[in-house]
Amino acid sequence: MVEHRSASRKLFIAFNYTFLAVMSLACLLPLLNVLSVSFSSAAAIEAGRVTLWPVDFTARAYTFVAEKKEFLTSIGISGKRVLLGVLINMTLTILTAYPLSKDVVQLKFRTGYAWVFVFTMLFSGGLIPTYMVIRQLGMLDSIWALVLPGAVPIFNVVLMLNFFRNLPKELSESAFIDGAGHWQTLWRIIVPLSMPSIATVSLFTIVGHWNEWFGGLIYMNDPIHYPLASYLQTIVVRLDMTQINDPTMLRFLSELNDRAIRAAQIFLGMLPVLCVYPFLQRFFMSGIVLGSVKE
């Protein structure tokens, strides 16, 4: 069947494509500029000759960042943090959102529980009390200080419980009739149908753990325990030339530019997220409960 589009419809579609193209370029061009700066020479950067293509191509900025053992160690710590953080966050988010998605008949005092979680989202104990708790629990300089304080992200819980509430109740009721309990219903029916929402929240969690740097500065006394974001914030961004006594390293650094180093660390910091995103993109476009309920 051939679709006949009116002139206003064609104009609307053309406007949408133009707007999306402009927005895509607005997001892509700054990234290309950052990548070009990271591969350009110091002289070209200082002269302002770098736009969207590297000038006097060099990888010295990446060599300086990547050759340090602290950099490789921080990547391992960040990877461990993402794995543990996503596992803990998503498990607790699902286990918290499922009962809160029920009505007051199925879960007494549901409204009170929900307000308790909302209160913790709006108000916190503060930085100093949190640090004192972490210290008393003996978690300083450990990976647990980075993943446990935010183990239950309330905003993600709210997103997930609203998604669970929009699922057809007939699915859970049919499972209960067949003899399934809440645990089986959650993991065999609710979770498989909620994969688009879980993938989206997981992506938020991955990005949050990978880019979070303040916790490493607060809870890690030794820089060797810094995650990648904290390492880049302190070692690379705040480069102190006066503490370097090696003549070879000084000559090497004289050929670098601060903008090139910052551009290299920015690109390295976002590269893992760019690699993960395409694998989760398909869940955003898939149907949620298409074909689940038959009349």
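Derivation of every value follows stated rules applied to the coordinates shown; laboratory data play no part. These figures come from a predicted structure and were not determined experimentally. Methodologically, a virtual Cβ is constructed for each residue, glycine included, from the backbone with ideal geometry; neighbour enumeration extends over all protein chains shown.
Of the peptides 109-120, 257-268, 87-98, 27-38, the order by per-residue mean of other Cβ atoms within 10 Å, starting with the highest, comes out as 257-268, 87-98, 27-38, 109-120. Normalised by the number of residues in segment 68-238, what is the relative contact order in percent for Cα pairs under 8 Å and 6+ residues apart? Dividing the mean separation by the residue count of segment 68-238 yields 41 percent. Would you please classify the overall shape of segment 68-238 from the alpha carbon gyration tensor, given that a ≥ b ≥ c denote the square roots of the eigenvalues, rounded means a/c under 1.5, and beyond that prolate means a/b larger than b/c while oblate covers the rest? Because a/c hits 1.5 or more and a/b exceeds b/c, segment 68-238 counts as prolate. Among the helices of the chain, those built from whole DSSP H runs whose Cα atoms reach 30 Å or more along their own axis and whose mean Kyte-Doolittle hydropathy is at least 0.5 are 7-38, 69-100, 258-285.
Neighbours of Ile177 by Cβ distance under 13 Å: Lys/Arg scored +1, Asp/Glu scored -1, total -2. Counting neighbouring beta carbons within 10 Å and listing from fewest to most, the residues Met23, Met220, Met195 come out as Met23, Met195, Met220. If you sort the three axes of the alpha carbon gyration tensor as a ≥ b ≥ c, you get a/c of 1.5 or more for the chain and a/b no higher than b/c, which makes it oblate.
If we count every other residue with Cβ under 14 angstrom of Asp103's Cβ, Lys/Arg +1 and Asp/Glu -1, where does the sum land? After counting each charged neighbour, the total is +4. Non-local lysine pairs in segment 68-238, meaning eight or more places apart or on different chains, with alpha-carbon distances under 25 Å, amount to 4. Given R₀ = 22 Å, what would the calculated FRET efficiency be for Phe176 paired with Leu95, taking r from the Cβ atoms and rounding to 0.05? The calculated FRET efficiency here is 0.75. Would you please classify the overall shape of segment 1-123 from the alpha carbon gyration tensor, given that a ≥ b ≥ c denote the square roots of the eigenvalues, rounded means a/c under 1.5, and beyond that prolate means a/b larger than b/c while oblate covers the rest? Judged from the Cα gyration tensor, segment 1-123 comes out oblate (a/c at least 1.5, b/c at or above a/b). Go ahead and run the numbers for FRET between Lys10 and Phe279, Cβ-Cβ distance against an R0 of 51 Å, rounding to 0.05. Efficiency, from the Cβ-Cβ distance: 0.90. The length gained by stretching the chain between Asp258 and Thr234 to full extension, at 0.36 nm per residue less their Cα-Cα distance, is 7.3 nm. As a calculated quantity, the FRET efficiency between Leu83 and Ile128 at R0 = 25 Å, using C-beta atoms, amounts to about 0.25. Taking the charge dipole of the chain about its Cα centre, with +1 at Lys and Arg Cβ atoms and -1 at Asp and Glu Cβ atoms, the residue from Ala145, Leu32, Leu193 reaching farthest to the positive side is Leu193. Helix-only arithmetic for the chain: the sum of -39500 (n - 2.57) across DSSP H runs with n ≥ 4, divided by the residue total, places the mean residue ellipticity at 222 nm at -20500 deg cm²/dmol.
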